[in-house]
Structure formats: structure tokens, C-alpha cells
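Please treat every number below as a calculation from the coordinates, not as lab data. Here the structure is a predicted model, which is why all the values come from computation and not from measurement. For neighbour counting, all protein chains shown are included, and Cβ atoms are generated from backbone atoms with ideal geometry for every residue, glycine included.
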Amino acid sequence: MSLMQVHVNGQPQIDYDRNKALSEKQQEYLDKMDEGMDAGIQLGSDTVEEPDLLQRAKFVAGYLSQALFDENEQMIAASTSWLATRLPDLKQVKILQDGEQISIDLVFDETRQNQVKVDLQMPTRGRPLH
């Protein structure tokens, strides 16, 4: 399957289609991200001097979650592209926020299919919902 999905608090946010080719400039940027991580990364309170692919993925997923909350479109695009291209078997990135606590799951064995978004509104008797 060519689709990688990103969910925040159970809601779909991004459907990344791996069939769409990246530009040369985008590829170069992802390579620079790799070069930056070659120097080491910070995962939580741990410094990882020679991160493996999964450690890098966790690091990039952390940037993706922050970019989503900050609405930083460039970082969202770069982080999502990096995850999708470097981890071709990755199906979902699940981000859960509970107050100040954020957890991220990288899912390689399930996908959400046939989703339908439904917006529900309760009757307001003439008052707008806020």
C-alpha cells in the first residue's frame, strides 16, 4: 500500500501518497535531515550519538507532532516525507496529546480504510455552537 496516514488524537490529519514523486530539492532537503541526524539526536532525555533508522524515525515523528500543533506546513511536509520515504512499510503515525503529554506510535501493521468524516451538530434553538 502506498498510503501513509497521520492521526492526531484519533482524527486523520494527513494522507501521504508515496506514489507522488518528490522534487530534487525536496530529496536534497531529506538528505540534509539525515546528515544532521548523523551528528546525533536527542530522544527525550537521552542523547543518541549514532541513531539507527527507528531512532531517527521517532525523532522525526516528534518534529512532525510539534509541526502539526504549530501549523508549520514546511516542517509537516518535510517530516511526513522523511517518514514515508525512509520507512516504506510505515502505515500510520498516531499522535496522542493529553495535556502536556504527547505520545507517538509508529504503526507498521494496520491501516484505516473506508473512513468517513462526519460533522455532528446538536440543535441549538437559535444559538450558535461555540
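Packing order of peptides 101-109, 59-67, 71-79, highest average first: 59-67, 71-79, 101-109 (average count of other Cβ atoms within 10 Å over each peptide's residues). Taking 25 °C and 0.890 mPa s as conditions, the range 4-87 diffuses translationally at an estimated 183 µm²/s according to Stokes-Einstein applied to its Kirkwood radius (Cα pairs).
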